[in-house]
Amino acid sequence: MKSVAVIGLGYVGLPVACLCIEKGMDVYGADIDKKKLESIRNGVSKIKGKIKLTNNIADATKNSSTIIVCVPTPVDKNHLPELSALKNACADISKGIQKDALVVIESTISPGTVEEIVLPILKKSNVRFYLAHCPERIDPGNKKFTVKDLPRVVAGIDMESTKKAAEFYRSIIDADILELSSVKAAEATKIMENTFRDINIAFVNEMAKSFDKAGIDITEVIKGASTKPFGFMQHYPGAGVGGHCIAVDPYYLISKAKQLGFDHKFLSLAREINESMPSYTIDLLEQELKKIGKKLENAKVGILGVAYKANVDDTRESPALKIMGILNGKKADVYIFDPYVIKQSNVKDLNELLEKSDYIILATDHKEFKDMDLSRLKNNNINIVIDGRNCMDKEKIKSLGILYHGIGRY
Ligand code: SAJ
């Protein structure tokens, strides 16, 4: 039986490779990052010795009948799609692809990318191949929904490609595989589901700013609205929207639509609102400092959390990084601790952060921070808490004589 080659062994590719091995397939794992290959070779026990690791994509492709592409598709500093990893991977695949092989792109891409960018590169191989898109659906840290039990959508450049890709995913995933009629529809599906999340977060972020003026606790209002058994879906305001999905995917559609002559004003506004939350969080701190006659310059500010979301170590597009940048620009003394991101912490633990800080901003709702004994704040003379994830006990903090402000909550 021919192998499956998984190109890109990050948070998407590695689980796919593990799943293919679990299903008894012969798997090549290819990645350009030799350090990553080394850590897999020496680390992930369940596939150790069972996966053929290589940094030669053409090689992995030559020996495989199915090639799954899981490389990053970020945006550049102007929020434009950055497709070099995808283009380079496809160029390497075109050097090794065999007749009748199936190539599936799992990376998140704008509608039209498979037909306009991927296909021309693969055609340089001068062999007949099948090509489809099956957008990845991974929720890092989610133990309930893992890659093998998450439904997927799939579509190919032609009927046979769709069928072959659907057959492959049905052989490894115990959930529905929906075949769509066009590869653009499959590309648009992932973008739409993540953009849906981004605009809803922007909605509650704007509500939080409004409620801060009105003195309304938004967490109460969300709880209230959630008693309605239909037509309302909870999202939560915060210090910002990070990660490689929600903060990135809308820009893929915005830029493609612009090329086609459509201006996504609403999606762009939602991105603007979410991008404004780190500086809004600092504004809240400055407001509280003013109450005690202090300024940000030389203020000792501790940041709890660097990762973009709770209980993960991923810092991509993390709001905490933006908050750090703003504080440094305002010449505050910044202390950082994240139990999952030690290398970007500048104190050894939470204790040291609390000892050195006069004010704290919770940027990431890691379990360690949510469970913290709040009397430690008092014992370390913390004067202000800005709760960037509305996850702390505000009444308890206030009862300790500490100024508290959340995002749409005080
Ligand atoms: N966030 C908010 N308010 C919310 C939800 C999230 O501010 O109500 C922030 C988080 O703090 C984080 C960012 O948004 O900074 C993204 O959070 P996320 O929970 O959406 O986490 P992701 O980026 O890991 O999103 C993944 C996505 N999965 C895929 O792209 C396959 C997304 O589609 C899922 O909806 C999401 O997990 C999920 O539901 O957990």
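For this structure, a couple of remarks:
- Breaking point among (1) open to solvent by 10 Å² or more (accessible area, probe 1.4 Å); (2) farther than 26 Å from I254 by Cα; (3) within 16 Å of the ligand (Cβ to nearest atom), for F168: (3)
- Selection from segment 297-311 of residues that are in a loop (DSSP other than H, G, I, E, B) and closer than 9 Å to Y359 by Cβ: A299
- Of the residues screened, L284 is one that is in a helix (DSSP H, G or I), open to solvent by less than 20 Å² (accessible area, probe 1.4 Å) and at pLDDT 95 or above.
- Residues in segment 262-281 that are open to solvent by less than 50 Å² (accessible area, probe 1.4 Å) and away from the ligand (no atom under 16 Å from the Cβ) were compared, and the one that is nearest to the chain's Cα centre (by Cα) is S268.
- Residues located in segment 103-114, provided they are within 16 Å of the ligand (Cβ to nearest atom) and either in a helix (DSSP H, G or I) or touching a strand residue (DSSP E or B) at 6+ places or on another chain (Cβ under 8 Å) (or both): V104, I105, E106, S107, I109, S110
- Residue match in segment 115-127 (condition: part of a loop (DSSP other than H, G, I, E, B), within 16 Å of the chain's Cα centre (by Cα) and either buried (at least 22 other Cβ atoms within 10 Å of the Cβ) or free of Cβ contacts under 8 Å to residues at least 12 places away in the same chain (or both)): no
- Test: residue in segment 216-224 that is at pLDDT below 95 and within 13 Å of the ligand (Cβ to nearest atom): no
- Search result, residues across segment 176-193 that are in contact with a strand residue (DSSP E or B) (Cβ under 7 Å, 6 or more places away or on another chain) and within 16 Å of the ligand (Cβ to nearest atom): I177, L178, A186, E187, T189
- Screening V154 with (1) open to solvent by less than 30 Å² (accessible area, probe 1.4 Å); (2) in a helix (DSSP H, G or I); (3) closer than 23 Å to I138 by Cβ; (4) among the hydrophobic types (A, V, I, L, M, F, W, C) gives one miss only, at (2).
- F196, sole failed condition from (1) surrounded by fewer than 17 Cβ atoms within 10 Å (Cβ to Cβ); (2) more than 15 Å from the ligand (Cβ to nearest atom); (3) assigned to a helix (DSSP H, G or I): (2)
- Failed item in (1) away from the ligand (no atom under 14 Å from the Cβ); (2) free of Cβ contacts under 8 Å to residues at least 60 places away in the same chain, with P250 passing the rest: (1)
- Enumeration of residues in segment 385-399 that are crowded, with 17+ Cβ neighbours inside 10 Å and farther than 19 Å from K213 by Cα: C391, M392, I397
- Count - residues of segment 345-367 that are open to solvent by 70 Å² or more (accessible area, probe 1.4 Å) and within 16 Å of the ligand (Cβ to nearest atom): 1
- Scanning segment 300-331 for residues that are of a type in the set (A, V, I, L, M, F, W, C), open to solvent by 10 Å² or more (accessible area, probe 1.4 Å) and away from the ligand (no atom under 16 Å from the Cβ) yields a single hit, I326.
- Going through (1) buried (at least 16 other Cβ atoms within 10 Å of the Cβ); (2) within 13 Å of the ligand (Cβ to nearest atom); (3) assigned to a helix (DSSP H, G or I) one by one, H235 falls short only on (3).
- Listed by position, the strands (runs of 3 or more DSSP E) enclosed by segment 320-410 include none that has at least 2 residues that are touching a residue at least 40 places away in the same chain (Cβ under 8 Å) and touching a His at 6+ places or on another chain (Cβ under 6 Å).
- Highlighted here are the strands (runs of 3 or more DSSP E) found entirely within segment 1-80 that include at least 1 residues which are assigned by TED's automatic domain parsing to the domain that holds H133 and open to solvent by 20 Å² or more (accessible area, probe 1.4 Å): 27-30, 51-54, 64-69.
- Residue within segment 202-216 that is assigned to a loop (DSSP other than H, G, I, E, B) and not assigned by TED's automatic domain parsing to the domain that holds S318 present: yes
- Among the residues listed as E82, E22, the single one being under 25 Å from R152 (Cβ atoms) and modelled with pLDDT of 95 or more: E82
The values are calculated or read from the model by the stated rules, or taken from the named source; none is laboratory data. The model shown is predicted, which means the values in this text are computed figures rather than measured ones. Because the Cβ atoms are built from the backbone with ideal geometry, glycine has one as well, and the counts that use them run over all protein chains shown. When the accessible area is computed, the model is the full protein with side chains, heavy atoms only, and any ligands, DNA or RNA have been set aside. Shrake-Rupley method; radii C 1.70, N 1.55, O 1.52, S 1.80 Å.
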